[in-house]
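Structure record follows, encoded as structure tokens.
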Amino acid sequence: MGSDLRAWINMIEDAGQLSRIEGAHWDLEIGCISGLSWEKGLQGPAILFDRIADYPAGYRVVTNTISNPDRIALTLGFPKGLSLREYVEIFRKKLPEWRTMTENFPPQTVRDGPVLENVDSGKDVDLFKFPAPRYNPLDGGRYIGTGNAIITRDPDTGKVNIGTYRNMIHDSKTAGFFIAPGKHGRLDYEKYHARNEACPVLISLGHHPLFLMAGGVELPTGSEYSFIGAITGEPLKIIREEITGLPMPADSEIVLAGWSRPGKVRHDEGPFGEWTGYYASREQATPVVEIERVYHRNDPIILGAPPSRPPGANTFFRTFIRSALLHNQLEECGLREVKGVWQSELGGSRLLLIISINQKYAGHARQTALFASQSPLAAFMGRYVIVVDEDIDPTNIYDVLWAVLTRSDPEKDIDVVRRAWSSSLDPVIPKTATAHFSSRAIIDACKPYEWRQEFADAITFDPELVVKMKKIWGKQLGL
Ligand SMILES: Cc1cc2nc3c(=O)[nH]c(=O)nc-3n(C[C@H](O)[C@H](O)[C@H](O)COP(=O)(O)O)c2cc1C
Ligand SMILES: [Mn+2]
């Protein structure tokens, strides 16, 4: 399977899943094209931009990579053409398997690799060397890091974390370092800063999309490199970076090495068009990474993951992974008869959580909703949690809304949790807030437990009759 971006691009091109665009401008055009293409829905291709205005041919940006079920399936070796629910089920099996296998796939240190083809040090460091796009019209700058993998180390445990956190270019040697409270990369730099020490940082800007997959979801700290190894079935090759001592992926397209120093912040990070579809966090004081060295392959490729209004192309993959992780977690915690979990793409996999259950006792639905709403995997920036009966497909928003509209009675079935975990990205929180809370609406859209057996029959046809009718007249009616 490998872990090289170029091999991945060839693979999806062979499958008819890539478009090549030449001549687009880094200023807004790459962002606009990536957004427009995704408006076509899950059919939109991955896009490889070359001959970008102001840049030599070969200095490329690829966007919309793991943005649909087909490309996710290709990337992970899953069967193609399954339903959204079936993919969640595969992830539910595979994620714990990969996790167990991480022990067998620690990264392997090597001395050489493509990332060392070009090395710029000291005064030669220039972030503008690469065609970093300004993606959205009100973005405060060019965002060189979006689908990136930021590598930091916990100074106490030595564990290496990989997280996806945005980087704006402030000047030729300074990148923004915007990490939300509680995220692993932030916990790492806060430890260094608390000791008045500089935190070593590597930023990989282009790599196999598995880095985005591992960096962009809540995996256990220190497991990401081995996780990628477990998925590909071979240990990831890493090179010890000279300045920071951190492990850098040998096949990376571009790696920036530098330091986040205590007290070094810029007040003009952002705004940035975020995954909620807004520029909500605006401009704010943000730490920076001072870059001392740049490594890159010949003709390097930036992995761009520009956010957009949900459902967003570049956060779509999280819907599967976070739904599967939460479903498994709810079962491990002893919740019974959970039939389906969907952290809907319509809420960027966070704002809308739908769970289907087979109600077994009075209070079961409310317990499931309240518990899930505050679980570590779903608590951050949640908004609406809807529990439905098992006959409702949680991935089908029409089914879900039908249940909400016909099985819930607002006065009895909506509860509100106040002052829950949110962030500066939340558009309903004023910019002046000193702490970021928001509420959760719990919607119990299950049939009322005590008389569920007497609930009105739903209109459905016998599956056998449906098959028969499709067989005879399906072709004529395009069914
Ligand atoms: C495309 C993309 C961009 C993201 N940008 C940011 C960001 O700028 N800051 C941030 O704190 N989290 C961002 N996230 C979310 C984190 O990557 C995610 O919470 C992940 O779990 C962080 O890794 P960690 O669990 O090791 O902290 C982004 C995720 C994706 C998929
Ligand atoms: Mn982590």
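The values are calculated or read from the model by the stated rules, or taken from the named source; none is laboratory data. As the structure is a prediction and not an experimental result, all values here were calculated from the model. Ideal geometry is used to build each Cβ from the backbone, glycine not excepted, and the neighbour counts take in all protein chains shown.
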If we ask which residues in the range 355-367 are assigned to a helix (DSSP H, G or I) and not aliphatic (A, V, I, L, M), their number turns out to be 3
For the structure I just gave you, tell me whether Ile459 is without any contact (Cβ under 8 Å) to a residue 24 or more places away in the chain, part of a loop (DSSP other than H, G, I, E, B) and more than 30 Å from Lys183 (Cα to Cα). yes
Residue in the range 185-213 that is surrounded by the fewest Cβ atoms within 10 Å (Cβ to Cβ), counting only those that are over 15 Å from the mean Cα position of the chain (by Cα) and within 11 Å of ligand 1 (Cβ to nearest atom): Leu187
Taking Ala175 as the residue in question, decide whether it is assigned to a loop (DSSP other than H, G, I, E, B) and more than 10 Å from ligand 1 (Cβ to nearest atom). no
Does at least one position in the range 282-292 carry a residue that is part of a loop (DSSP other than H, G, I, E, B) and either in contact with a His (Cβ under 6 Å, 6 or more places away or on another chain) or among the hydroxyl-bearing types (Ser, Thr, Tyr) (or both)? no
So, of the residues in the range 125-149 that are within 15 Å of Val255 (Cβ to Cβ) and assigned to a helix (DSSP H, G or I), which turns out to be farthest from ligand 1 (Cβ to nearest atom)? Lys129
Go through the range 149-178 and give me each residue that's surrounded by fewer than 24 Cβ atoms within 10 Å (Cβ to Cβ), among the aliphatic types (A, V, I, L, M) and within 14 Å of ligand 2 (Cβ to nearest atom). Val160
Anything in the range 179-200 that is out of contact with any helix residue (DSSP H, G or I) (no Cβ under 8 Å at 6 or more places or on another chain), away from ligand 2 (no atom under 16 Å from the Cβ), in a loop (DSSP other than H, G, I, E, B) and not polar (S, T, N, Q)? List them, or say none. Arg195, Glu197
I'd like the residue in the range 312-323 that is of a type outside the set (S, T, N, Q) and within 20 Å of Leu138 (Cα to Cα) and, out of all such residues, is nearest to ligand 2 (Cβ to nearest atom). Gly312
Go through the range 16-30 residue by residue and tally those that are at positive phi and loosely packed, with under 15 Cβ neighbours inside 10 Å. 2
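Quick grid of which residues meet (1) farther than 18 Å from Ala420 by Cα; (2) part of a helix (DSSP H, G or I); (3) more than 15 Å from ligand 1 (Cβ to nearest atom):
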{"residue": "Trp342", "(1), (2), (3)": "yes, no, yes"}
{"residue": "Leu346", "(1), (2), (3)": "yes, yes, yes"}
{"residue": "Leu353", "(1), (2), (3)": "no, no, yes"}
{"residue": "Leu370", "(1), (2), (3)": "no, yes, yes"}
Scope the range 295-340; condition in a loop (DSSP other than H, G, I, E, B) and either more than 15 Å from ligand 1 (Cβ to nearest atom) or in contact with a Cys (Cβ under 9 Å, 6 or more places away or on another chain) (or both); matching residues: Arg297, Asn298, Asp299, Pro300, Cys333, Gly334, Leu335, Arg336, Glu337
Can you tell me which residue in the range 119-162 is nearest to Val288 (Cα to Cα), limited to those that are of a type in the set (S, T, N, Q) and touching a Lys or Arg at 6+ places or on another chain (Cβ under 7 Å)? Thr146
Out of Leu425, Leu377, which single residue is more than 22 Å from Leu330 (Cα to Cα), touching a residue at least 12 places away in the same chain (Cβ under 8 Å) and outside any helix (DSSP H, G or I)? Leu425
Is it true that Arg366 is surrounded by 20 or more Cβ atoms within 10 Å (Cβ to Cβ), of a type outside the set (A, V, I, L, M) and either within 16 Å of ligand 2 (Cβ to nearest atom) or at pLDDT 95 or above (or both)? no
For the range 37-87: of the residues being at negative phi and of a type in the set (Asp, Glu), which is surrounded by the most Cβ atoms within 10 Å (Cβ to Cβ)? Asp50
Residues satisfying the stated conditions in the range 201-218, i.e. out of contact with any Asp or Glu (no Cβ under 8 Å at 6 or more places or on another chain) and assigned to a loop (DSSP other than H, G, I, E, B): Gly216, Val217, Glu218
